[in-house]
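S.K.: The following block contains the structure, expressed as structure tokens.
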Amino acid sequence: MARRKNRQHQKVKPLEQVLTISELGWHGDGLADVEGKRIFVPFTLAGETVRAMVTGNRAKILEIIEPSPQRIKPPCPHFTHCGGCAVQHLDPQPYADWKRHVIVRALENRDIDSSVEPLVDAHGDGRRRVTLHTRFISNGVQAGFMQAHSHKLIDLDRCPILDPELEKATAIARDLATPLASHPKPLDIQITVTESGLDCDIRGAGELSMDARMGLSDCAIAHDLARITVAGDLVLERRPPILTFGAAKVTLPPAGFLQATKAGEEILAGLVFEAVGDAKKVADLYCGIGPFSLRLADHCQVAAFDSDEAAITALTGAAHRIQGQKPVTAQVRDLIHNPLHATELKGFDAVVFDPPRAGAESQAIEIAQSKVPTVVAVSCNPATFAHDAAILIDGGYKLEKITPVDQFRYAGHIEMVGVFQR
């Protein structure tokens, strides 16, 4: 047994090989087949021939022997080093086709035949939230993203896919980390654009000394930050971080979930609004802080559910502050372990659900047994979307159409809105 374990822990020896890339995979890596074994080759494109160093099922490019005609110059000098982006080297139209095809392939894997619309670009002004890693070094602080499949930190000056309000995000992260140098462990600093300023949450800092709190306060003033929290606990709030959903003003909970771009949120909400049509009563499941609920309330009654108590509190507070809308009720409920039963869905004209990446299998089973006329599924994972869609289809629903929404430019992620009718 000991010998077997030793053999299992022996390192695989790298091997230099010439590879032909057959396709671009779901996560943006090129795929090559070698004697029936699939090799993942980052930063390559379908049809390319490359010389690479292969270790196990992953490879590192040494030379591009025959480049694809669809290859373009990446817009960021850090591309291939920084792990934040996977596909900056592909021409825009093939890029859009690739992202759409990821959804098509996921549906095919479940034998689902449905119309998939062209990709909708939802990058807008760029990502409105960034999580930067910081490391203390002998002469200061590094801030940036981790190199792909590595523990190496890429120290950045700026990131071109971020909202202009985050132009100085790395400088802010370094300044936030500096007062915490007495606790020199790596930090994760999340910075979010809100209408009242930047909201910052620091993870990994431990308990703060008075000097650290004073240093963070000075940083907030220097950069005009709205709020600073540490692991969700309030350190300083100069202004509540506010977001607008329709007629509602919502105070963002510390590190609360938020769609990646403002344009993405608005486009997704518009697609949801269009899909529910003239529904008079809608259930919004996995509602978060209410980007759908508070917009839908312009025209229909909404019952919202989510396991995040802080999100439900924020949604409820926003709903109570607005006048002239239909009623919005919000309830804390773990929909994974305690989904709304089919009998509880009686009386709803439409259900909207936007689950985490793991999907909503238990909730989809209950919806499939209900008589709700319209179901709108929002997802950021084609595989789990297809899994949940198959459950609804088996329950008698028809998947009318899917709209891909790209708010994760250059990344191997894609959002989608699927409309089901009974």
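S.K.: Just for the range 170-200: of the residues that are of a type in the set (D, E, K, R) and more than 23 Å from the chain's Cα centre (by Cα), which one is surrounded by the fewest Cβ atoms within 10 Å (Cβ to Cβ)?
M.R.: 185
S.K.: Return the residues of the range 351-372 that are outside any helix (DSSP H, G or I) and farther than 25 Å from residue 104 by Cα; say none if nothing qualifies.
M.R.: Correct list: 369, 370, 371, 372.
S.K.: Only residues that are surrounded by fewer than 23 Cβ atoms within 10 Å (Cβ to Cβ) and without any contact (Cβ under 8 Å) to a residue 40 or more places away in the chain: list them for the range 371-391, please.
M.R.: Matches in the range 371-391: 380, 381, 384, 391.
S.K.: Hey, another quick one. Quick check, is residue 400 among the charged types (D, E, K, R), crowded, with 21+ Cβ neighbours inside 10 Å, touching a strand residue (DSSP E or B) at 6+ places or on another chain (Cβ under 9 Å) and under 25 Å from residue 101 (Cα atoms)?
M.R.: Judged against the criteria, residue 400 is not a match.
S.K.: Sticking with this structure for a sec: Just need a number here: residues in the range 393-413 that are in contact (Cβ under 8 Å) with a residue 60 or more places away in the chain, among the charged types (D, E, K, R) and not in a loop (DSSP other than H, G, I, E, B).
M.R.: Of the residues in that region, 3 qualify.
S.K.: Ok, one more. Somewhere in the range 162-173, is a residue outside any helix (DSSP H, G or I) and farther than 16 Å from residue 143 by Cα?
M.R.: yes
S.K.: Output the number of residues of the range 318-332 satisfying the condition of being farther than 20 Å from residue 269 by Cα, at pLDDT 95 or above and out of contact with any Asp or Glu (no Cβ under 7 Å at 6 or more places or on another chain).
M.R.: Qualifying residue count for the region: 1.
The rows are residues; the columns are (1) among the aromatic types (Phe, Trp, Tyr); (2) without any contact (Cβ under 8 Å) to a residue 24 or more places away in the chain; (3) part of a loop (DSSP other than H, G, I, E, B).
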{"residue": "125", "(1), (2), (3)": "no, no, yes"}
{"residue": "130", "(1), (2), (3)": "no, no, no"}
{"residue": "136", "(1), (2), (3)": "yes, no, no"}
{"residue": "141", "(1), (2), (3)": "no, no, no"}
{"residue": "144", "(1), (2), (3)": "no, no, no"}
{"residue": "148", "(1), (2), (3)": "no, no, yes"}
{"residue": "154", "(1), (2), (3)": "no, no, no"}
{"residue": "157", "(1), (2), (3)": "no, yes, yes"}
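S.K.: Is it true that residue 81 is within 25 Å of residue 156 (Cα to Cα), modelled with pLDDT under 95 and in contact with a strand residue (DSSP E or B) (Cβ under 6 Å, 6 or more places away or on another chain)?
M.R.: Spelling it out, residue 81 is indeed within 25 Å of residue 156 (Cα to Cα), modelled with pLDDT under 95 and in contact with a strand residue (DSSP E or B) (Cβ under 6 Å, 6 or more places away or on another chain).
S.K.: Pick from 354, 308: which is buried (at least 16 other Cβ atoms within 10 Å of the Cβ), out of contact with any Leu (no Cβ under 9 Å at 6 or more places or on another chain), in the same structural domain as residue 112 (by TED's automatic domain parsing) and not aliphatic (A, V, I, L, M)?
M.R.: Result: 308 is the single residue among 354, 308 that is buried (at least 16 other Cβ atoms within 10 Å of the Cβ), out of contact with any Leu (no Cβ under 9 Å at 6 or more places or on another chain), in the same structural domain as residue 112 (by TED's automatic domain parsing) and not aliphatic (A, V, I, L, M).
S.K.: Any residue at all in the range 155-165 that is surrounded by 15 or more Cβ atoms within 10 Å (Cβ to Cβ) and more than 23 Å from residue 86 (Cα to Cα)?
M.R.: Scanning the range 155-165 turns up at least one residue that is surrounded by 15 or more Cβ atoms within 10 Å (Cβ to Cβ) and more than 23 Å from residue 86 (Cα to Cα).
The values are calculated or read from the model by the stated rules, or taken from the named source; none is laboratory data. Quantities reported herein were computed from a predicted structural model and do not represent experimental measurements. Here Cβ is always computed from backbone atoms with ideal geometry, including for glycine, and neighbour counts include all displayed protein chains.
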